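Here the structure is laid out as structure tokens; the discussion comes afterwards.
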């Protein structure tokens, strides 16, 4: 079975005890959180394997195809649209905003800084509460930024900014020549089969409610169109559609973004605030440490709605939780659903298989190498790459991708982005050059170009 093969039902189907535990978790969340309705779903191995719902109205529970507003889960969609432009060569993440959207007053901030919330921009718009007021109050980009748009030096700290994503939406529109919502629909939703994700609600959808903090009473919330702020939080979606998006965030999809770019989105691009070392932010993706797992995804809220989407790539499990109350049920529910499934039914490893073919030139690289007296092992991987790391204990370990010129590029860890070269002399492998470090087959191998040379007397005992 290849990675594109469908997952056998025997692997995908959850056990009855797991299903009951999931139902119990959302029932407690809906009851204790006092939310009118809650719908949740779990994705495992690229498909939705469970969904459940609770409602305050008997016989009228939502299902996985009922739309809820997802708030800031919209931001990863905007980030995907921007990274598609980058992968097509239409922009560079280091480019200043001014290059594509002139006249904002913050044109020196870069696309990457906007994606990672490190541009130093204010968290919210000036004036009336933008999520609960008419977009007509903010007809132009200057109305989103105000007289003091930048609160911190660009690139110095993570400071979440909703207007920053409105600026990214403007970049998308400028380069695509189309409305942000149309670009998201055409380039993301349609290829991923997300036909129940839209900028405006489509029946059936949940109504927006506030629950009185001191009484079991409801108040309808307005559902405003966000106008220019739409790229920060406009979308409506369903639990089923967000499971499809979660599968994309875990593995990529060449029709939208390849796996390497999606990994880049999930990589930390901004340090967390002091005292908050259980989370971080990538490129449009929130990162969190929960129950010993690394989760990637996003949370979202707008008046009347709270949403959470988390993916544990290591477990192959994702979860979505959507509710229609301004407060009461936090994104922790989605993280708990992942924990329930991953702990009760840990992923079954794929069968080991040998390489389809072996390149003798690569095979001779496998095995131990030494930087000075520190030993590292080089292992060839089934995807045509290699892993290089210490033979024992902790240390600098990285995965490498082969390049056409015979060199290798580090993908993660200490050597991410660094180049490893195989140096040959007289047709034989002499040593590895990795970021100026010389790795030899023996510790301080005589005749090797070890900086500073190797003592001609060789190894010796104590006189």
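The values are calculated or read from the model by the stated rules, or taken from the named source; none is laboratory data. Note that the structure is predicted; figures quoted are calculated from it, not measured. Backbone-built Cβ (ideal geometry, glycine too); neighbour counts: all protein chains shown.
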Any chance the range 349-359 includes a residue that's touching a helix residue (DSSP H, G or I) at 6+ places or on another chain (Cβ under 9 Å) and not assigned by TED's automatic domain parsing to the domain that holds residue 286? no
Please find, among 98, 147, the residue that is surrounded by fewer than 19 Cβ atoms within 10 Å (Cβ to Cβ), without any contact (Cβ under 8 Å) to a residue 60 or more places away in the chain and part of a helix (DSSP H, G or I). 98
Residue among 381, 440 that is within 26 Å of residue 267 (Cα to Cα) and in contact with a strand residue (DSSP E or B) (Cβ under 8 Å, 6 or more places away or on another chain): 381
From the list 288, 307, 246, exactly one residue is crowded, with 24+ Cβ neighbours inside 10 Å, outside any helix (DSSP H, G or I), touching a strand residue (DSSP E or B) at 6+ places or on another chain (Cβ under 6 Å) and in the same structural domain as residue 60 (by TED's automatic domain parsing). Which is it? 307
Quickly run through the range 25-45 and pick out the residues that are surrounded by fewer than 21 Cβ atoms within 10 Å (Cβ to Cβ) and more than 16 Å from residue 308 (Cα to Cα). 27, 28, 31, 32, 34, 45
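Quick check on the range 291-304: of everything there that is in contact with a strand residue (DSSP E or B) (Cβ under 9 Å, 6 or more places away or on another chain) and in a loop (DSSP other than H, G, I, E, B), which residue is farthest from residue 43 (Cα to Cα)? Before the answer, list the steps.
So in the range 291-304, the residues in contact with a strand residue (DSSP E or B) (Cβ under 9 Å, 6 or more places away or on another chain) come out as 293-304.
Within this subset, residues satisfying the condition of being in a loop (DSSP other than H, G, I, E, B) are 303-304.
Details: 303: 27, 304: 25 Å.
That would be 303.
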Give me a count of the residues in the range 17-43 that are out of contact with any helix residue (DSSP H, G or I) (no Cβ under 6 Å at 6 or more places or on another chain), outside any helix (DSSP H, G or I) and farther than 24 Å from residue 303 by Cβ. 0
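Out of 316, 330, I need the residue that is within 30 Å of residue 222 (Cβ to Cβ) and touching a residue at least 24 places away in the same chain (Cβ under 8 Å). Which one? If you could, list the steps in order and put the result at the bottom.
Details: 316 fails: within 30 Å of residue 222 (Cβ to Cβ).
Step by step, each of 316, 330 is checked, and only 330 is within 30 Å of residue 222 (Cβ to Cβ) and touching a residue at least 24 places away in the same chain (Cβ under 8 Å).
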Yes or no: residue 344 within 19 Å of the chain's Cα centre (by Cα), surrounded by fewer than 20 Cβ atoms within 10 Å (Cβ to Cβ) and farther than 30 Å from residue 208 by Cα? no
